[in-house]
Amino acid sequence: MNGFESAFHFDSLVWDWIIAIYLFLAGMSAGAVMIGIYLKRKVIEGDPADNGILKAVAWLAPFGIISGLTILIFHLTKPLAFWKIMIFYNPSSVMSMGVILFQVYMIVLFIWIGVIFRDTIIDFAQGKLPQGLVDFVDGVLEKANKVNNGTEIALGVMAVMLAAYTGFLLSALKTYPMLNNPVLPILFLFSSLSSGAAACLLFGILVFKESAHSPSVSWVHGFERPVVLFELFVLITFFTGLIFSGGQNEVAAWNAIGGGFWSNWFWFGVILVGMILPLVLNAVTPKEVKHNGGFIFVVTTLSLVGVLMLRTFILYAGQMTVV
């Protein structure tokens, strides 16, 4: 096999690139929700249903979690048996606990979105659905609105748990020293916020026409930079901890970043293209250019590609070395 083929096919590989896409989509959903909740509570003035960033969250968050789970289901050897782990729970299984989290998260997420966009939903449903059903949905959303503060807090906590869970899922693979790392959930939490911010800007401005000068866009722009810098710091901590641990931990770190296909993927793809380049472009570009649709598309796409490459790198490079 050539270098490319051997990088994606080796004896110790258990989880492949499909899992990386699933981790990326679930993390993006969680990150977008965390950002959306903060914007609604602290930044947006007036009706939040009119805000383009929140409209983007309302589409991105369900899409991320549903499409990610769909990919996972069909990737299983027996996809038609997936319903069993959605009913029969195993408290000792990280995967089973994740399924419970996904189910509750989706229910609360749809309630939260429904409360925000209640008028839009009811107006859309009028004449298309039986009036009795429309009135029932309207009544449920009205009651949900009365406890919306608690719903938002619960959803925010679950979004943080979901973002970190994608790291815990990999760290449960104890025979892989690079993955069995307590820093991994923290790294995935911040990469989820990074991808959530980039996706919210990309779709909020270019698809849902939120003004590039609005307070919500300005806040996300200001939030994105320190998140990426902290993500870089956590990456340094991640590999420093592995190297200083010695033994197979150190071997795993140098196998990942010390040379070869995945090392190039990391340094040129994750670090340079996904983190340094967006930071530099945002730092040196004039303000009038930053609000240009083309610039926003390029920078946010670079950030999203970088996060996807990071998840893929951690997954594959983390499985190259075993205890």
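Highest GNM mean-square fluctuation among G306, G132, G196, for the chain modelled with Cα contacts below 10 Å: G132.
In the structure shown, the pairs K40/K84; K146/K290; K209/K287; K78/K128 are assessed against 28 Å; a Cα-Cα span above that value is assigned to K40/K84; K146/K290; K78/K128.
Per residue, how much accessible surface does the chain expose to a 1.4 Å probe? Answer in Å², no decimals.
Spelled out: the 1.4 Å probe surface of the chain, per residue, equals 47 Å².
With all protein chains in place and a 1.4 Å probe, the accessible surface of region 279-321 carries 72 percent carbon and sulfur.
Spread over its residues, the convex hull of the C-alpha atoms of region 73-212 is 188 Å³ per residue. Relative intensity of region 175-323 on a log10 scale, I(q)/I(0) at q = 0.09, 0.22 Å⁻¹, equals -0.31, -1.31, per a Debye sum over C-alpha point scatterers of equal strength in the absence of solvent. Structure remark: mean-square fluctuation, Gaussian network model of the chain, C-alpha springs under 10 Å; the largest value among L281, L170, L133 belongs to L133.
Element breakdown for region 161-238 at a 1.4 angstrom probe: carbon and sulfur atoms account for 76% of the accessible area.
For the chain, the longest principal axis of the Cα atoms and the long axis of helix 131-146 meet at an angle of about 70 degrees. I'd like the per residue volume of the convex hull spanned by the Cα atoms of region 258-323, given in cubic angstrom. Each residue corresponds to 75 Å³ of Cα convex hull volume. With Cα atoms defining each centre, region 161-220 and region 117-145 are spaced 32 Å apart in the structure. For the chain, the 222 nm mean residue ellipticity estimated from helices alone, with every DSSP H stretch of n ≥ 4 adding -39500 (n - 2.57) and the total spread over all residues, rounds to -23500 deg cm²/dmol. Note on region 134-234: Cα convex hull, mean projected area over all directions, 9.5 nm².
Before anything else, pin down the relative contact order of region 1-131: Cα pairs under 8 Å, at least 6 apart, normalised by residue count, whole percent.
After rounding, I find 24 percent.
For region 148-307, relative contact order (Cα pairs under 8 Å, six or more residues apart, normalised by length) works out to 25 percent. Remark: relative contact order (the chain) = 28 percent; criterion is Cα-Cα distance under 8 angstrom and separation of 6 or more residues.
The values are calculated or read from the model by the stated rules, or taken from the named source; none is laboratory data. As the structure is a computational prediction, the values presented were derived from the model and not from experiment. To get the accessible areas, we keep the full protein, side chains included, count just its heavy atoms, and leave off ligands, DNA and RNA. Shrake-Rupley method; radii C 1.70, N 1.55, O 1.52, S 1.80 Å.
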